[in-house]
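Asks: Take a look at this one; I'll ask things after.
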Amino acid sequence: MKRVYNFSAGPAVLPEEVLEQAAREMMSYGDSGMSVMEMSHRSAVYEGILNEAIADLRDLMGISDEYEVMFIQGGASTQFAMIPMNLMGKNGKADFINSGQWSKKAIAQAKAYGDVKVIASSEDKTFSYIPSWDSAEFRSDADYFYICSNNTIYGTRFTELPETGNVPLVADMSSCILSEPCDVNRYGLIFAGAQKNIGPAGVTVVIMRKSLITDSKEENSTVLKGTPIMLQYKTHADNNSMYNTPPTYGIYICGLVFKWLKKNGGLTAMAAVNQEKASILYEYLDESKMFHPTVSGADRSLMNVPFVTGDKDLDAKFVKEASAAGFVNLKGHRSVGGMRASIYNAMPTEGVKALVEFMKNFEAHQ
Ligand SMILES: *Cc1c(COP(=O)(O)O)cnc(C)c1O
């Protein structure tokens, strides 16, 4: 079976080299005589896999010793609860920018734990832009300030960060982590579900400033009373993500992806390729008479590119024909309609070029 060009928003395409290596190592990882899936997470071999994955991620993103790197389960959505549960025990307040459905869900969840202020929102125009913010609205006693860096559904991204002073900035980077260099020091906490731009579903990467990780048993802890042990960052930090059985195989694949990224020039090289891929697609969309991008200007995501024809039947015809031609998962999210091409790190430039050729041809023959 020939492989397709998979434009899924997530779970998403992975580098072929990584899949091939995983296949080679399926029956026996190294000389262990077993698959990584069958290994005790407490074995020296597996600990090596985990520690190497952490070290490679630190290296790729330039993560200093002031930060903890954790692999947690429950998807990015569990972080919507873990973040307030672990940070809101100080003043019980958090500020948010509402730039899409994922930040909206994070806001709804945080409201269960404290006083939430929405500083700015782009909901008025189906989240088709990043709202501007007035820093005079920021609360200096907020326990954290929350953004979603790249809005997977709407295809927008932050190109500037709010200046939050001493208030830790928390970012959901699920769909843009590792797509370009990132100054980790600007953040208190970064999290990302792996299934967009890292690896398989089931692993969430959390990068957290160590000083924000407090012990619920101590008086000045910011962890809310009653927070389950499994939902406390301290539990995962103290146990090198091995308090209980971590998602062992998923972490192994993430580790292979980190090595693939390092081998291919790291995040600077990745950013250049991602810029190129996105501009090939946006340039065509900007000139097409049939396909229209739903986001304009600087807020355009490099990872998720939504577009529409304005005609539902034509959209459906395009998605069907594209799929038959080997360009799959192009149907847009139901809240935007039309199409969406997700072009994460593992989508080769040839895939984007081939898609644009297909679109040009489709447009010419209607
Ligand atoms: C997909 C996604 C989520 C939700 O991830 P789950 O792992 O399914 O919980 C959250 N935030 C963003 C930005 C996403 O793209």
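Values in this text are rule-based calculations from the coordinates and carry no lab data. For clarity, every value in this text was computed on a predicted model and none was experimentally measured. Virtual Cβ from ideal backbone geometry, glycine too; neighbours counted across all protein chains shown.
Asks: Given charges of +1 on the Cβ of Lys and Arg and -1 on the Cβ of Asp and Glu, with all other atoms neutral, how large is the dipole of the chain about its Cα centre, in debye to the nearest 20? Don't skip to the end; give the middle numbers.
Replies: Values: 35 positive and 42 negative charges, 161 e Å.
Once rounded to the nearest 20, the dipole reads 780 debye.
Asks: Report the Cα centroid-to-centroid distance between segment 302-366 and segment 243-296 in angstrom, as an integer.
Replies: Cα centroid of segment 302-366 versus Cα centroid of segment 243-296: 17 Å apart.
Asks: Say R0 is 35 Å: what FRET efficiency, to the nearest 0.05, do GLU20 and ARG139 get from their beta-carbon distance? Intermediate results must be reported in sequence, preceding the final value.
Replies: Values: r = 50 Å, r/R0 = 1.44.
Rounded to the nearest 0.05, the efficiency is 0.10.
Asks: Would you please give the FRET efficiency between HIS41 and ARG334, computed as 1/(1 + (r/R0)^6) with r the Cβ-Cβ distance and R0 = 35 Å, to the nearest 0.05?
Replies: My answer for the efficiency is 0.35.
Asks: Could I ask something else about it? What is the extension gain from THR126 to LYS263, computed as 0.36 nm multiplied by their sequence separation minus the C-alpha to C-alpha distance, in nm to one decimal? Mind dumping the intermediate values first?
Replies: Values: separation 137, 0.36 × 137 = 49.32 nm, distance 3.90 nm.
My answer for the length gained is 45.4 nm.
Asks: Gain in length, MET230 to LYS2, computed as 0.36 nm per residue apart minus the alpha-carbon separation, to one decimal in nm?
Replies: Working: separation 228, 0.36 × 228 = 82.08 nm, distance 4.21 nm.
The MET230-LYS2 span can extend by a further 77.9 nm.
Asks: Oh, and also: Grab the alpha carbons of segment 97-212, take their convex hull, and tell me the volume per residue in Å³. Could the numbers behind the result be given before it?
Replies: Numbers: hull volume 13.4 nm³, N = 116.
Roughly 115 Å³ of hull volume per residue.
Asks: Ordered by residue, what ³J(HN,Hα) values in Hz, to whole numbers, does segment 139-144 give under the Karplus form 6.51 cos²θ - 1.76 cosθ + 1.60, where θ = phi - 60° and Gly and Pro are x?
Replies: Going residue by residue, I get 9, 6, 9, 5, 6, 6 Hz, with x marking Gly and Pro.
Asks: What distance in nm separates the two pseudo spin-label positions at SER211 and LYS111, each 7 Å out from Cα along the beta-carbon direction?
Replies: Each label point lies 7 Å from its Cα, and together they span 3.3 nm.
Asks: Residues with beta-carbon under 15 Å from that of ALA12, excluding ALA12: net charge, scoring Lys, Arg +1 and Asp, Glu -1?
Replies: Around ALA12, the charge tally is +4.
Asks: Hey, another quick one. Check every DSSP H run in the chain and write down those whose alpha carbon atoms cover 20 angstrom or more along the long axis and whose mean Kyte-Doolittle hydropathy is -1.0 or greater.
Replies: Numbers: long enough: 44-61 (26 Å, 0.46); 248-263 (23 Å, 0.59); 266-287 (32 Å, -0.01); 349-364 (23 Å, 0.02).
In the chain, the long hydrophobic H runs are 44-61, 248-263, 266-287, 349-364.
Asks: Just to confirm the filter: which GluC sites (Glu not before Pro) across segment 80-185 are DSSP coil and have at most 14 other Cβ within 10 angstrom of their Cβ? The partial results should precede the final answer.
Replies: Values: sites: GLU123, GLU137, GLU160, GLU163; in loops: GLU160, GLU163.
Passing both the DSSP loop test and the Cβ count: GLU160, GLU163.
Asks: Another one. From a point 7 Å beyond the Cα of MET34 in the direction of its Cβ, which residues of segment 52-75 have a backbone N at a distance under 14 Å?
Replies: none
Asks: Next up: Give me D for segment 253-366 in µm² s⁻¹, whole number, from Stokes-Einstein with Rh from the Kirkwood sum over alpha-carbon pairs, 20 °C and 1.002 mPa s. Can you show the working numbers first?
Replies: Values: Rh = 14.9 Å.
Translational D for this selection: 144 µm²/s.
Asks: Over segment 16-263, how many percent of alpha carbon pairs lie in each 10 Å bin up to the one with the longest distance?
Replies: Pairs per bin, as whole percents: 7, 31, 34, 19, 7, 1, 0.
Asks: Pairs of alpha-carbon atoms within less than 8 angstrom and 6+ residues apart define the contacts here; what relative contact order does segment 16-263 have, in percent?
Replies: Numbers: 448 pairs, mean separation 65.4, N = 248.
Once normalised by length, the contact order is 26 percent.
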